[in-house]
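Data first, discussion second: the structure below is written as structure tokens.
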Amino acid sequence: DQQVKQNSPSLSVQEGRISILNCDYTNSMFDYFLWYKKYPAEGPTFLISISSIKDKNEDGRFTVFLNKSAKHLSLHIVPSQPGDSAVYFCAARGAGNKLTFGGGTRVLVKP
Amino acid sequence: DVKVTQSSRYLVKRTGEKVFLECVQDMDHENMFWYRQDPGLGLRLIYFSYDVKMKEKGDIPEGYSVSREKKERFSLILESASTNQTSMYLCASSYHARGNQPQHFGDGTRLSIL
């Protein structure tokens, strides 16, 4: 049973527009949420995170929103750039610093 | 910058072989993790370690073991490789008790079992 789900396996967006990636979770004990970006043949790189006591965190073009009542988080990328084309994973931290990952969303930004 | 180094980028082994995947980090991190990544399944935790000589099972430990003899090094062992262990293997490390800290990943080892 997947505790973290990314229901959209892929997303295509025009350069300059907004990319919105979604992630749902089931475990209310998760206390810290992260987004990672992964290019082919490379390891995931940390992008942005949010603590469960906040509802928004912003870093440049990247903003993460957390809706605890809905057990939902989203990543907004504005404006999207061709270099943002990658696979994005959301992750949630549970007991013992363990992360549970979603299945990933492949983003393609068209020039 | 954090550096997590995995010893091989690509590896091809035969069914039944004992396979060793090595991971070294240079940031004095207490925590180290082994994941496998498969299409549509994201990253799944195999084993992790909070300290030297310590190990904990993750979500899919069957068929694997680990070794942590030194703080900077965490080895994943496939005792008798099988074709269903063909996958991308990712090592990660993080601080243990410094608030909210992300895990940092190596570039992965793509392992094929024939």
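No value in this document is a laboratory result; all are computed from the given coordinates. Keep in mind the model is a prediction, meaning the values are calculated, not measured. All Cβ positions, glycine included, derive from the backbone under ideal geometry; neighbour counts span all protein chains shown.
Give the percent of DSSP beta bridges with both residues in the range A:4-110 that are antiparallel, rounded to the nearest 5.
On the way: 37 of 42 bridges.
Counting DSSP beta bridges with both partners in the range A:4-110, the antiparallel share is about 90 percent.
Phi-derived couplings, Karplus 6.51 cos²θ - 1.76 cosθ + 1.60 at θ = phi - 60°, listed residue by residue for the range B:34-50: 10, 10, 10, 10, 10, x, x, 9, x, 9, 10, 7, 8, 8, 8, 8, 9 Hz, with x used for Gly and Pro.
Charges at C-beta only: +1 for Lys and Arg, -1 for Asp and Glu. How large is the resulting dipole of chain B about its Cα centre, in Debye rounded to 20? Write out the running numbers ahead of the final one.
Working: 16 positive and 15 negative charges, 43 e Å.
Charge dipole, chain B, about its Cα centre: 200 debye, nearest 20.
Quantify how strongly other chains surround peptide A:43-50 by giving the mean number of their Cβ atoms within 10 Å of each of its Cβ atoms.
Values: counts 13, 12, 3, 7, 1, 1, 3, 1.
The shielding value for this peptide is 5.
Residue A:110 to residue A:51: FRET efficiency via 1/(1 + (r/R0)^6), r the Cβ-Cβ distance, R0 22 Å, to the nearest 0.05?
Numbers: r = 34 Å, r/R0 = 1.55.
Calculated value: 0.05.
Which shape class applies to chain B: rounded if a/c is under 1.5, otherwise prolate when a/b exceeds b/c and oblate if not, where a ≥ b ≥ c are the square roots of the Cα gyration tensor eigenvalues? Intermediate results must be reported in sequence, preceding the final value.
Working: a/c = 1.76, a/b = 1.65, b/c = 1.07.
Prolate.
All other residues with a Cβ under 15 Å from the Cβ of residue A:85 taken together, and with Lys, Arg as +1 and Asp, Glu as -1, what is their net charge?
Working: positive: A:17, A:37, A:38, A:61, A:106, A:110; negative: A:15, A:42, A:84.
Neighbourhood net charge equals +3.
Averaged over A:96-105, how many beta carbons belonging to a partner chain fall within 10 Å of each residue's beta carbon?
Numbers: counts 5, 11, 8, 9, 5, 7, 3, 6, 6, 0.
Mean partner shielding for this stretch: 6.
Taking a threshold of 18 Å on the Cα-Cα distance, which of the pairs B:3/B:70; A:5/A:54; A:68/B:57 fall above it?
Among B:3/B:70; A:5/A:54; A:68/B:57, the Cα-Cα distance tops 18 Å for A:5/A:54; A:68/B:57.
Once you order the gyration tensor axes a ≥ b ≥ c over the Cα atoms, which shape class does the range A:4-110 get: rounded for a/c under 1.5, otherwise prolate or oblate by comparing a/b with b/c?
Details: a/c = 1.87, a/b = 1.53, b/c = 1.22.
Here the range A:4-110 falls in the prolate category.
Please work out the Cα center distance from the range A:43-104 to the range B:49-70, rounded to the nearest Å. Measuring centre to centre over Cα atoms gives 27 Å. For the protein assembly as shown, what does the alpha-carbon gyration tensor say about shape, rounded, prolate or oblate, given a ≥ b ≥ c as the root eigenvalues, a/c under 1.5 as rounded, and a/b over b/c as prolate? In terms of gyration-tensor shape, prolate.
Peptide B:35-42 has a mean of 5 when you count, residue by residue, the C-beta atoms of other protein chains within 10 Å of its C-beta.
Once the Cβ-Cβ distance between residue A:31 and residue B:114 is put in as r, and R0 is 41 Å, what FRET efficiency do you end up with, to the nearest 0.05?
Between residue A:31 and residue B:114 the formula returns 0.45.
How charged is the neighbourhood of residue A:13? Take every other residue with its Cβ under 14 Å from the Cβ of residue A:13, and add Lys/Arg as +1 and Asp/Glu as -1. Once positives and negatives cancel, what remains is +2. The stretch between residue B:41 and residue B:80 holds 11.7 nm of extra length on full extension. This uses 0.36 nm per residue minus the Cα-Cα distance.
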